[in-house]
Structures are given as structure tokens and as C-alpha cells.
Amino acid sequence: MGTDNVPVYITDAPGDYSHAWITVKQVDLIGKNGPVTVYQDATGQTIDLVTLAGTIKQQFALLGIANVPAERDRAIRITLDQNVTLVPTGSSTGTSYVFAGSSGGVKVFTVSTRGEGRKGVIADFDLSNWRIVGGQVVASAKGGDESKLGEGTHVRQHFRGSVASLAGTAPTLTFDLVHGHDKLHVSTTADTVFSNEDGSPNPTLQNGAEVMVEGTFAEGTFSVTATAIVIASSEHHEPVFARGLVLSVGGDSFTLSPQNVEGFHPASTEIHVFTPAGTMFLQDGVSMSSTDFYAALAAGSDVMVHGTYNAANNTLTASHVNLVSHHEGDHRHHLGVAGPISVLDSHAGTFDLTIQRWEGMEMHAGDVVHVVTNEHTRFDGVNLANLENGAVLQVAGDLDGTNLTATLVKNGHHE
């Protein structure tokens with residue numbers, strides 16, 4: 001008997017909730033030879049089941065890929081944290097419950113599946129059948145229909161793990177993301193945003209690095225094309241994360257409608273985000289001032305936040321926030337670089353810059369970019385007419401090939 005690489009998914013059918021936050025701690029695929037652990041994490045992966053119901057097509061989140069003997073009858077055993085947060089439709093406030101039948105802080109669901117499972121096997125948590133009984137959630141799951149898998153049915157997810165088998169040359173890299181028993185193949189493109197989790201410059205992938213990868217699983221290649229990669233440092237790791245759309249903006253805070261979270265269950269349909277002194281502000285991984293960040297922030301802005309969450313006041317205090325632009329498909333990438341300039345043409349407003357420091361994508365020290373300024377470029381304490389070759393500048397802008405169209409040019413001595 002041969003073996004199959006079998007993706008294991010979770011999905012949902014519509015119910016009477018606007019959010020249903022669960023935390024997946026372990027996934028096992030059970031066949032004739034016993035269980036094979038697909039995913040295991042003490043912190044767990046937080047999922048909003050409502051996002052998987054879909055408005056047009058049912059959506060699926062990947063839990064892991066198992067290499068198991070080829071057979072038709074299998075079962076999926078999913079271990080969830082005992083806590084679940086439900087926000088009823090029409091309400092802005094969620095309630096934290098415990099799953100009925102929980103033991104040792106977890107609730108275990110076992111789902112039988114039948115069929116070839118060539119596309120994958122699915123656990124379907126049908127929210128329409130969930131009930132609140134005696135202050136606890138009585139929930140059930142069933143095997144899902146693999147024929148519903150296909151293009152446009154996979155949600156954007158965040159995957160954590162360590163880098164292995166790194167190959168290629170930036171910006172087109174490939175590597176395996178290893179997380180316990182699971183391994184996922186990842187590729188990067190010129191559109192992938194790179195950043196360090198502690199906000200420091202010069203994000204660089206290397207084997208063994210702990211990273212968070214954002215992307216969508218592709219069935220055809222059994223891989224994820226990363227839209228963003230956040231590289232953790234051993235000294236600084238923020239397990240609490242949220243991404244969503246901004247609802248309103250204040251002087252040093254904003255409200256966020258959460259779409260993806262890690263490390264907590266939001267207590268409401270919106271999260272209050274506070275950015276105290278010391279918060280690092282970025283756009284597509286490129287550092288910016290708080291003034292520029294809040295000037296660019298508006299209702300509907302797409303933002304990623306790392307920090308600490310207080311459930312009592314539903315506030316996420318940010319260590320750093322990242323404003324996400326959407327340049328997909330137009331061959332531009334927001335980039336921040338610093339280094340000495342050469343080939344300065346102050347009349348044309350152009351120069352070359354030899355990179356010493358970079359943000360937003362993976363570059364290399366010594367790479368050269370051609371910088372173009374125009375009527376939209378903001379010069380902060382810098383006048384090109386007064387500069388000479390060799391001056392050190394910081395430039396932020398949009399990279400298209402080797403040309404960097406500057407939105408900001410300032411003195412290059414890093415603050």
C-alpha cells in the first residue's frame with residue numbers, strides 16, 4: 001500500500017453568529033494503523049469559524065498535511081481549547097463559554113470521513129447545530145464534502161514555524177516551514193512583505209529562523225505563496241496578533257474589525273487598539289513616524305497589530321502596527337532603504353543608492369537601487385541641490401524593478 005499527502009481542513013456552515021472564535025491545539029488523522037499527528041501547539045491556532053461559512057462559496061482553513069497510508073476510511077480527531085467565544089448576529093458583544101464535555105482544559109471532537117481524500121479531508125463545524133445548554137456550548141462536527149474544495153475556497157491564514165531547506169535568491173525564495181509534526185512548503189515573490197517582529201531593519205531569512213507566514217494554501221502545488229513574512233527574534237516574541245479593517249481613528253488609538261487573530265479571542269466585533277509611546281509604526285514593513293501613520297490611517301485601512309490584549313477592556317496595546325497597502329499585481333513594492341548615494345542628478349531629481357539598511361523586503365547590503373523623485377516626493381530636511389555624492393540618505397517609496405520612486409527622502413543617519 002502506498003502513501004498519500006493528505007491536507008486536513010476545517011470549515012463551517014452558516015449559523016446565528018457574527019463571530020465564533022475557537023483555538024485548535026492538536027489535530028490527528030486516524031487510519032487503520034492508528035493516529036498520525038498533523039498539528040500540535042500548546043498555544044494553538046485561533047480561528048473564527050464564521051469566516052469559513054463564506055458568502056458565495058464555503059471556505060476552508062488548512063490545519064496541516066499528513067503523509068499517511070492510502071485508504072478510504074479515516075477519522076479526524078481535533079483537540080480544541082475548552083474556551084469558545086460567540087458573538088450572536090446583531091450583537092456587538094461576545095460571550096465566553098466552555099464546550100460541554102470538556103476535560104483537562106480541552107474538548108476533543110472525532111469526525112469520520114469517507115472517500116479518496118485526494119483533495120483533502122474536512123472537519124465541518126456546523127454552527128447551525130450548536131446550542132447553549134446550562135451555560136455551556138453543545139457543539140458537533142461532521143465530515144465535510146471534499147468536492148467543494150477548489151479555487152477561491154481557501155482563506156488567508158497565518159502559519160508559524162521554523163525555516164528549513166531555504167533556497168533561491170531574494171525576492172524569489174522557497175523553504176519548508178516546520179512546525180512540530182507538520183511541514184509546509186512556502187515560496188516568496190517580489191510582492192512578499194518582509195519584516196522583523198521587533199521592528200528592527202534588515203529582515204533576512206535563514207535556516208532555523210522562527211517566522212510567521214501569511215498566505216493562502218494552494219491545492220495544486222500543496223504550498224503557500226507568502227504575502228507577508230514576520231521574522232521573530234529570540235529576545236522578542238509577541239504571541240498576540242490581530243489583522244483587520246479600521247473602523248474609526250483617534251489621536252493615539254483606533255478601532256479594528258478583526259479578521260485574523262492569534263493568542264486571544266476578541267470580546268467584541270471590534271477591538272480597541274492603543275499605541276502608547278514606544279510603539280513602532282510601519283507601512284508594509286517600512287518604519288514611519290506616528291504622525292505619518294495616523295495621517296495615512298482611515299476607516300477601511302488594513303492594519304496588522306502585535307502587542308498585548310486586555311480582555312477586561314477589550315484593548316490591544318500595540319508594540320508595533322503595520323499599515324498594509326494593496327499593490328498586488330501592479331509590480332510595485334513599498335520599500336525603505338538607507339545608504340550612500342552616487343550618480344546624483346539634482347536637476348532631474350535622481351540618484352543611485354547603495355543599500356546599507358533595508359525594510360519591507362529582503363535585500364542585500366551592497367545592492368544598488370535607482371531613486372526617482374517627483375512632485376509627490378516629500379523632502380524632510382534634505383535639498384538635493386545642496387548634496388554631494390557620498391551623502392547618506394534614507395528613502396521610502398515604491399520599487400518597480402530597480403527603480404525606487406521616492407515618497408520620502410531624509411537624512412540617512414538612523415534614529
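The values are calculated or read from the model by the stated rules, or taken from the named source; none is laboratory data. Since we're looking at a predicted model, the values are computed, not measured. Positions of Cβ are generated from backbone atoms using ideal geometry, with glycine treated the same way; all protein chains shown enter the neighbour counts.
List of remarks:
- Residues in the stretch 229-281 that are acidic (Asp, Glu) and either in the same structural domain as Ser195 (by TED's automatic domain parsing) or part of a loop (DSSP other than H, G, I, E, B) (or both) were compared, and the one that is surrounded by the fewest Cβ atoms within 10 Å (Cβ to Cβ) is Glu235.
- Those residues of the stretch 175-202 which are assigned to a strand (DSSP E or B) and of a type in the set (Asp, Glu), in sequence order: Asp176, Asp182
- Listed here are the strands (runs of 3 or more DSSP E) enclosed by the stretch 334-414 that have at least 2 residues being surrounded by 14 or more Cβ atoms within 10 Å (Cβ to Cβ): 350-354, 357-359, 368-372, 392-400, 403-411.
- Consider the stretch 61-119 and keep the residues that are in contact with a Phe, Trp or Tyr (Cβ under 8 Å, 6 or more places away or on another chain), modelled with pLDDT under 95 and in a loop (DSSP other than H, G, I, E, B). The one that is surrounded by the fewest Cβ atoms within 10 Å (Cβ to Cβ) is Thr89.
- For Thr255, the test of being within 30 Å of Thr89 (Cα to Cα) and either polar (S, T, N, Q) or free of Cβ contacts under 8 Å to residues at least 12 places away in the same chain (or both) is passed.
- Count - residues of the stretch 123-162 that are farther than 18 Å from Val24 by Cα and basic (Lys, Arg): 2
- Taken as a whole, the stretch 234-251 holds at least one residue that is among the β-branched types (Val, Ile, Thr), within 18 Å of the chain's Cα centre (by Cα) and modelled with pLDDT of 95 or more.
- Qualifying positions in the stretch 179-206 - surrounded by fewer than 16 Cβ atoms within 10 Å (Cβ to Cβ) and β-branched (Val, Ile, Thr): Thr189, Thr204
- Residues of the stretch 297-324 satisfying the condition of being among the small types (Gly, Ala, Ser), at negative phi and at pLDDT 95 or above: Ala298, Ala299, Ser301, Ala318
- Top-ranked residue of the stretch 1-12 - restricted to ones that are over 24 Å from the mean Cα position of the chain (by Cα) and part of a strand (DSSP E or B), ranked as nearest to Val98 (Cα to Cα): Asn5
- For the stretch 282-317, taking the residues that are under 21 Å from Val337 (Cβ atoms) and part of a strand (DSSP E or B), the one that is farthest from the chain's Cα centre (by Cα) is identified as Met288.
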